[in-house]
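Engineer: Pasting in a structure now, in C-alpha cells, and then I'll have a few things to ask.
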Amino acid sequence: MGDTAENGTAAQHGDGRRAGAEPGPGPGPGADGEPARGAERERDRKPLRERRIAACRSAPRVLARPGFLGTLRERLALLDAAAGVYDLDESADLYGDGVVGALEERVAGLLGTEAAAFFPTGTMAQQVALRCWAGRTGSPVVALHGLSHPEVHERNAFSRVSGLRPVRVTGEPRMPTAAEVRDFEEPFGALMLELPLRDAGFVLPAWEELTGVVDAARERDAVVHFDGARLWECTVHFGRPLEEIAALADSVYVSFYKSLDGFGGAALAGPATLVDEAKAWRHRYGGNVFQQFPTALSALIGLERELPRLPEYVTHARVVAAALREGLAGAGVPWARVHPEVPHTHDFQVWLPYEAGVLAEAAVRAAEETGTALFANAWDAKGPGLALTEVYVRAAGLEWTAADVRAAAADFVRRLPEAEARKPA
C-alpha cells in the first residue's frame, strides 16, 4: 500500500460517523445520575475521533501504540537512538546523499536487490516504478486488485498523474489467482501485487499460490511489482526470508512507518538501471527533498529495533485473535468474525453485528473508563447493522495474555446495547 497513513487508525477515520451514527450519552453511574450525566454530556460534546485518540494515548493497556499518534516530544525522542545506527559526526544529507544513501544501501541488502531509492511517500514511489516499467514494456496498463491501495486510497493517481491505465484483475476480498491473471481478457505490461492486501484483511496467498501468480504474469511477458508497504512482516506466513520473497518480483516498494514506526518515507528496490531512472523521475515529481535526515534516521532505527521483532508480533497476534474469538463468543455476541481466523501478519480485522457508531462509542468508553483499549481503531460500516475494525498487535500487545484479551472482550460486550445486535442473513 501507499502512504495514506494507516487510514484505519485513529489518525484518519471518523468512528462510524460515515454511517450517520452519532451515539448519545448512556446512563450515569452516580447515585442520582446527575453528576455522572453532566460529565458524560461534556464528554459527548467532543468528537468521537478526538476522544478515541486521547483515550488510546493515555490508556495504560493497548495492543499497539503507533508512534505517529505520539506528541512531537515523544517522536523526537526516537532520535535519541540515532547514534547507534549512524555516525552523527558525518555531514547532514543533501539531496539524498549521506544517511539517505546509507539507508538505500541497507534496504537493497535486506531485500537482495541491486539498488534502492528513498522516496518521501509510497504513492510517489509506486507511480514512478510503474511509469518506468511502462516505458520498458511499451504498455501503460497495470493489472491490480480492485482493493489495492492505489485504487482505493490515492485519488486515481495512476491515471491522473502518471499516464497509467489500471485494470482490475478481481475485486474479491482475497488475492488474485494464477488463473485470473493468466486468463485476464486485456493485455497488460505490469502486474502489481499488494502483500499483504490490507483492505481484504491483511491477507496473503500461500507461497505456492504467489509463485503461481508470478509465473502466470511472466507467461504474459508482464513485469511484476510488489506493493510491499508491509512486506517486512510477511516472512512468518511464507516461511521464507525477505530476499527470497522480494526475488519473485521485478521491483518492490516498502514503507518505513507502517510497521517500522519511522517518521515516514518509503523505498523502491530493484535493478540498478530501474533505480537510476526512478531517481530521475523522483526529481521530476518533486521528491528529491533537500534534507531528509530525521526520516532516514528514524527508518534506520526502525530497521534496527522493530524489524527483528516483527515475527514475534505476528506470532502473538495469533494468540490475540484466538482469544478475541473466544471472548466475544463467551460474552454472547450473536455473530462475530475474526478475519483471517489465523492472522497472516500482526494485523487483522474484527467484524461485529452492530452499527459502527455503537461499537465506536463502546470501544472509546471502555478505554476511557478502564484504561484498557482493546479496539483502538475506527469502526467502518459494512452494511445494515454490520461493521469492522482493524486490530494491530505490536510491542505493547506482547504484555497481554489470552486471559487478558478474553476479559477485555467481555467488558467491551457489556457496554453494547442488546437491541442493537443484528445477525447478518
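The values are calculated or read from the model by the stated rules, or taken from the named source; none is laboratory data. What you see is a predicted model; the values in this text were computed from it and never measured. Quick reminder, even Gly has a Cβ in these numbers, built from the backbone with ideal geometry, and neighbours come from all protein chains shown.
Engineer: Within segment 50-95, can you find the residues that are touching a Phe, Trp or Tyr at 6+ places or on another chain (Cβ under 7 Å), small (G, A, S) and closer than 14 Å to L297 by Cβ?
Structural biologist: The one that is touching a Phe, Trp or Tyr at 6+ places or on another chain (Cβ under 7 Å), small (G, A, S) and closer than 14 Å to L297 by Cβ: A92.
Engineer: What's the total number of residues in segment 223-258 that are free of Cβ contacts under 8 Å to residues at least 60 places away in the same chain and assigned to a loop (DSSP other than H, G, I, E, B)?
Structural biologist: 6
Engineer: How many of the residues in segment 184-222 are closer than 19 Å to G146 by Cα, over 11 Å from the mean Cα position of the chain (by Cα) and either among the basic types (K, R) or in a helix (DSSP H, G or I) (or both)?
Structural biologist: 7
Engineer: List pairs: first in segment 131-142 and in contact (Cβ under 8 Å) with a residue 60 or more places away in the chain, second among the charged types (D, E, K, R) and surrounded by 21 or more Cβ atoms within 10 Å (Cβ to Cβ), Cβ under 9 Å, 6+ apart or cross-chain?
Structural biologist: Pairs that qualify, where the first residue is in contact (Cβ under 8 Å) with a residue 60 or more places away in the chain and the partner is among the charged types (D, E, K, R) and surrounded by 21 or more Cβ atoms within 10 Å (Cβ to Cβ), are W133/D250.
Engineer: Check R230, R282 and return the single one that is outside the structural domain of D347 (by TED's automatic domain parsing), in contact with a Leu (Cβ under 8 Å, 6 or more places away or on another chain), basic (K, R) and at pLDDT 95 or above. Before the answer, list the steps.
Structural biologist: Working: R282 fails: in contact with a Leu (Cβ under 8 Å, 6 or more places away or on another chain).
Matching residue, one of R230, R282: R230.
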